[in-house]
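The values are calculated or read from the model by the stated rules, or taken from the named source; none is laboratory data. These numbers were taken from a predicted model, which means no experiment stands behind them. Note: ideal-geometry Cβ built from the backbone for every residue, glycine included; neighbour counts use all protein chains shown. Heavy atoms of the whole protein, side chains included, go into the accessibility calculation; ligands, DNA and RNA do not. Shrake-Rupley method; radii C 1.70, N 1.55, O 1.52, S 1.80 Å.
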Amino acid sequence: MSRPGIEAIDSAGMYRGLLVYVLIVGAFLMLPLVLAVMLAFSSGGGLEFPPPGLSFKWIVKAAATREFREGLLISAVVAVATGLISAIAGTSAAIAINHFRFRGRAALQALLMAPLSLPGIVIGLAILFTLPAFGLVPGIVATIGGHSVIGVPYVAYMVLASLSNYDMSLDRASASLGAGQWQTFRRITLPIISPGVTAGTVCAMLLSFDNVALSLFLSNGNTLPLRMMQSMQFYTDPSVAAVSVLLVALSLAAVPFLKRSFRETHMERA
Amino acid sequence: MAHVLSVEAVSKSFKGVAAVRRCSLELKQGEIVALLGPSGCGKTTLLNMIAGFEVPDEGRIELGGRDITRLPAHQRRAGMVFQAYALFPHMTVRDNILYGPRVQGEKPGVAQSRASEVADLLRIGNLLDRYPSQLSGGQRQRVAVARALATRPEILLLDEAFSALDRNLREEMQIELSLLLRRLGISTILVTHDQREAFALADRIAVMEAGRISQIDAPEAVYRTPKTPFVFEFLGSSNHLAATVGEQDGTPALLAAGGKLALTKMPVAQPAGSALTIGIRAEGIRLATAPTRAHRESPAVVRLVTFLGQTIRMVAEMGDISIISEVAAVSYETCPRVGDAVFLDIDETGVHVLDNAVAA
Amino acid sequence: MTPGTAASLRRWTPLLWIVPAALVLLPFFFLPLVLLFRNSLNRDDPMLLMVPDFTAINYIKALSDPFYLQLFANTIGAALFVAVIATIIAYPFSYFISRYARRSIGLVVWAVYMPLFVSVIVRVFGWMIVLADSGLLNAMLLKLHFLQTPLRLLFEVDGMLIGMVHRYLPLAILPLFNAMKKIPDELHRASANLGATPSGVIRDVVFPLSVPGIVISLQLTFAGALSDFVLPQVLGSPRFRMLAPAIYAEATTNLSTAMAATLAVLMLVFIIALLGASGYLVKRLTPWMTAR
């Protein structure tokens, strides 16, 4: 018996009114995504809506545009590298915070999470100032470093969420059976928290792939989102929509990885 | 005398699964009735329908002469004490208690005097400025009861209201609340799966099984004269034995343990040769070291003697069956020891036929 | 190994686990923040770019020059508008999904998460389709004869604000949803049982217990809108300047690096102050959570 009697307490009118409201807001949230995808298949030449007809010409044009192809490649490389770095550094930081009790632990956690609450544009500019100190110039390496600043705390956050259900006596049980700390981590902890690690890594990759504020300063203006932004600012045609289809598809592909972890952390705990 | 509450043939199912089936129940003014049963038996659903948290599929509920079957919960005047107390965490104890009178539109003076009255009754006058998070479990329960009473409900509903307390505190609170409810003459329904709690508080106990009320009677009646095998089994600890209808020395008898155990004083309705299951309460069996009457059964052997405080539990083996006996602890010094040969002394008025449909 | 060394080793293991994160965050986050602050104290020279110095001149200029004051006023005004509107829209929405869609993660809940996962560029592009002179909104309004000539929304403040409300609405919904789903159903029932009407339950139980969510929603959306670059840059008006594009312009086209650093530090200070204020506010508004 899950949730008895909601319908008996709340007024039916209020429920129906809210339902309509929620559907309208939901439609508002989805509207631009749906439109962007629809326009990709327009036979028209501009932003007119509804589209005059159906065609694949903008998909073809986008695929033939060198800036987009190059941007996609650069963004993909950056996203994968960022995902790897974030997975390793984020997961181990989460373990440090969850498994150990030491002085300054709360402060360490706050410092670790700090990049998430500070604006990307500020972090980007600040990193730009620092690049010469490492002998770097804006480019792929600088972009990966910058994106990892967001990715590491993100993974740590998601892993900490899945560790909040983690029973620490499992570690003691494993140790009592003769496993060392590393073995315990690899054979016990990691399998249990792997949904959180996966979800965090996928999120870090998506964030990197979509990032604008950091790439603005750290790349050569050639990541995919920047290329799209440039094309939107100067000549607006539906080939941007065609690239959008790719991005929406990519996000949808990520959903299965996120679903389980989101359910664990956001939905189930009542 | 008019009934405060009458529940008439109420049913409720969830997604096609029947939770409550045609339950009827009547409560006299000032009476305390326990709905007792295992989890999933429908007792909470029945309580929720009385409180207005569920709408019955069919049937009718009257409270104080009003038909409340479909009345919204907030108009019912049925005060509930929730299992986890459901105290409003953002309100002090005082505001929790004042909440009911306030939302029911009582004047501030009236609300205040009600609050101090119930706070005195529950002895929580010193806690009024605290938040629920600052209270102990027992204090929370007092506040929850006070809050429900402050609305002057026609009926008080207790939903597993003691289950969150430690055993000693629980029994203390049961006694205190039992005295208080009787003193105030408040009609009460309590839902519990704990038979001790039902016995401790209730004037009558309704034993529920699979959505139905199996029996509703005074506590000693449901215990001593259970009307269904379920009621017998749910209350107290008991022995289940396979038996056949036969005869001993010419009188019809129930024979168990391969004829080693014969019960002759039982009225037997089944034809000779029928197989059935009988139940005997653990305290209905005494183990005697010497035959008291003309015992003809073969002796059993004591395998385990456990001291439980108020009682002693012994387990004896007779052939391939085990018999559990529970006797008052005062006899601990004289009771049999492990390995002793014993004779069963059975109070046959406490023997129940549980199942006579067993195929041969 | 003696017990002593084992114990001291255990003391240092948390440090080992933190090393990879430190290798990323020290060079790419903490050191840059220090340098950012240091650069904000330098001087911009039209000829020599940034000149090392130790002066507060940029801060004085940023906080007194009408050009920058207008910039701050625009940014704070827009962010405040977005935060309030998004939180108001989010409140009933969150209430509904927290109460009725808790277990069955419906389409509606995905409508919240989905935009978070999709690039902001795509969302902005979608809004361009809606807001353009020949876009969806104008086409509809013209067809229904509400308008004679198209409304000019794209590249105006209005369009930017609509896009921002849309972008930050999920960030307003999530804290509210999280706060509301923590309210046990028993409290709703207890409130009704004591005589509160359905709207009374919301007023007396749901609202006060969701106050922390409201504060966090306002803070997140405000901080987001305050530092947003893409929406002002792509949907906004060149006549209504916002802080993030201004920082970018100072650092690149204007070659005023120290000024860019100063504006960035000011943005940072503002956002940290906001974080502190919202933490303090939550504590003040929820005395029951800290009562001992």
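General observations
- Backbone HN-Hα couplings from phi across region C:61-71 [Karplus 6.51/-1.76/1.60, Hz, Gly and Pro as x]: 5, 4, 9, 10, 5, x, 4, 6, 4, 4, 4
- Here's how it looks for C:R43: its modeled amide H is under 5 Å from those of C:V51, C:D53, which are all 5 or more places away or on a different chain.
- Taking 0.36 nm per residue of separation and subtracting the Cα-Cα distance, full extension of the segment from B:D67 to B:A272 would add 68.5 nm.
- Area buried, chain C against chain B - accessible surface, total, 1.4 angstrom probe, square angstrom: 2000 Å²
- Stretching B:V55 away from B:S6 to a fully extended chain increases their span by 16.1 nm, per 0.36 nm per residue minus the current alpha-carbon distance.
- For region A:1-159, a/c is not less than 1.5, where a ≥ b ≥ c are the root eigenvalues of the C-alpha gyration tensor, and a/b does not top b/c. That puts it in the oblate class.
- Placing B:F88, C:F146 in order of accessible area, with the largest value first and a 1.4 Å probe, yields C:F146, B:F88.
- Put a dot 7 Å past the Cα of C:R239, heading toward its Cβ, do the same for B:S322, and the two dots end up 9.1 nm apart.
- Averaged over the residues of B:83-95, the number of partner chain Cβ atoms lying within 10 Å of the residue Cβ comes to 5.
- Two-decimal ratio, region C:35-290, of alpha-carbon radius of gyration to 2.2 N^0.38 Å: 1.23
- Dipole of region C:5-89, positive direction: furthest Cα of C:L33, C:T13, C:Q70, with charges on the beta-carbon: C:T13
- Phi angles across region C:33-44 convert, under the Karplus curve 6.51 cos²θ - 1.76 cosθ + 1.60 with θ = phi - 60°, into 3J(HN,Hα) values of 5, 5, 5, 4, 5, 4, 5, 5, 9, 7, 10, 8 Hz, Gly and Pro given as x.
- As a length-normalised measure over Cα pairs under 8 Å and 6 or more apart, the relative contact order of region A:57-269 settles at 35 percent.
- Accessible area per residue (1.4 Å probe, heavy atoms of protein chains only) ranks C:F72, A:F134 as A:F134, C:F72, with the largest value leading.
- Heavy atoms of the protein chains alone define the surface here; on that basis the protein assembly as shown has 44 Å² accessible area per residue at 1.4 Å probe size.
- Helix runs (DSSP H) in chain A reaching 27 Å along axis by Cα, Kyte-Doolittle at least -1.0: A:12-39, A:66-99, A:140-163, A:190-210, A:239-262
- Span-like helix criteria (full DSSP H runs; alpha carbon extent of at least 15 Å along the helix axis; mean Kyte-Doolittle hydropathy of at least -1.0) are satisfied in chain B by B:93-103, B:108-121, B:137-149, B:167-184.
- Global geometry of chain A, whether rounded, prolate or oblate, following the gyration tensor of its Cα atoms and the 1.5 cut on a/c: oblate
- Semi-axis lengths, largest first, of the ellipsoid equivalent to region C:107-173 are 26, 13, 10 Å, with √(5λ) applied to each eigenvalue of the Cα gyration tensor.
- Computed as a quarter of the hull surface, the mean projected area of the alpha carbon convex hull for the protein assembly as shown stands at 54.1 nm².
- The H on the amide N of B:M80, modeled in the peptide plane, is under 5 Å from the matching H of B:L157, each at least 5 residues off or on a different chain.
- MRE, 222 nm, helices only [DSSP H, n ≥ 4, -39500 (n - 2.57), over chain B, to nearest 500]: -7000 deg cm²/dmol
- Cα pair distances exceeding 16 angstrom across region B:218-273, given as percent: 53 percent
- Long-range amide H partners of B:V351 with built H, under 5 Å: none
- Charge dipole magnitude, Cβ of K and R +1, D and E -1 - region C:35-290, Cα centre, debye nearest 20: 780 debye
- Among beta bridges that DSSP assigns inside the protein assembly as shown, antiparallel share in %, nearest 5: 80 percent
- Sites B:D203 and B:A18 - FRET efficiency at Förster radius 30 Å, r taken between beta-carbons, to 0.05: 0.60
- Spatial separation of Cα centroids for region C:229-280 and region B:1-23, in angstrom: 65 Å
- Measuring only protein heavy atoms, the 1.4 Å probe finds B:E58 accessible over about 90 Å².
- Placing a label point 7 Å from the Cα of C:L142 along the Cα-to-Cβ direction, the residues of region A:23-47 with a backbone N closer than 14 Å are A:46-47.
- Across region B:177-264, the convex hull enclosing all Cα atoms gives 125 Å³ per residue.
- Put simply, chains C and A cover up around 8400 Å² of each other's accessible surface, both sides summed, when a 1.4 Å probe is used.
- For region B:189-329, a/c is not less than 1.5, where a ≥ b ≥ c are the root eigenvalues of the C-alpha gyration tensor, and a/b does not top b/c. That puts it in the oblate class.
- In the protein assembly as shown, taking the dipole from charged Cβ atoms about the Cα centre, the farthest positive-side position among C:I97, B:A34, C:L285 is held by C:L285.
- For chain B, a Gaussian network of Cα nodes joined below 10 Å ranks B:D129, B:D249, B:D217 by mean-square fluctuation, and the top entry is B:D249.
- Anchor A:K259: aspartates and glutamates whose Cα lies under 14 Å away (excluding residues fewer than 8 positions away in-chain): A:E268
- R0 of 45 Å, Cβ-Cβ distance A:D167-B:S116: FRET efficiency to nearest 0.05: 0.45
- The spread of Cα positions in region A:136-215, taken along each principal axis and listed from longest to shortest, comes to 51, 25, 13 Å.
- One equal scatterer on each Cα of chain B, no solvent, Debye formula: the resulting log10 I(q)/I(0) at q = 0.07, 0.09 Å⁻¹ is -0.42, -0.64.
- Shielding by partners, peptide C:127-137 (average Cβ within 10 angstrom, other chains): 6
- Over 21 Å apart at the Cα level, from the set A:K57/C:K143; B:K28/B:K107; B:K43/C:K182; B:K28/B:K227; B:K227/B:K265; B:K12/C:K181, are A:K57/C:K143; B:K28/B:K107; B:K43/C:K182; B:K28/B:K227; B:K12/C:K181.
- Radius of gyration, Dmax [region A:168-260; alpha carbons; angstrom]: 20.7, 66
- Structure remark: mean-square fluctuation, Gaussian network model of chain C, C-alpha springs under 10 Å; the largest value among C:W17, C:W127, C:W110 belongs to C:W17.
- Per residue of peptide A:108-117, the mean number of Cβ atoms on other chains within 10 Å of the residue Cβ is 3.
- Spatial separation of Cα centroids for region B:193-233 and region C:116-183, in angstrom: 63 Å
- At the residue level, A:R187 shows approximately 150 square angstrom of accessible surface with a 1.4 angstrom probe and all protein chains present.
- Alpha-carbon centroids, region B:236-271 and region A:122-192: separation in whole Å: 72 Å
- Chain B - percent relative contact order, Cα under 8 Å, separation 6 or more: 15 percent
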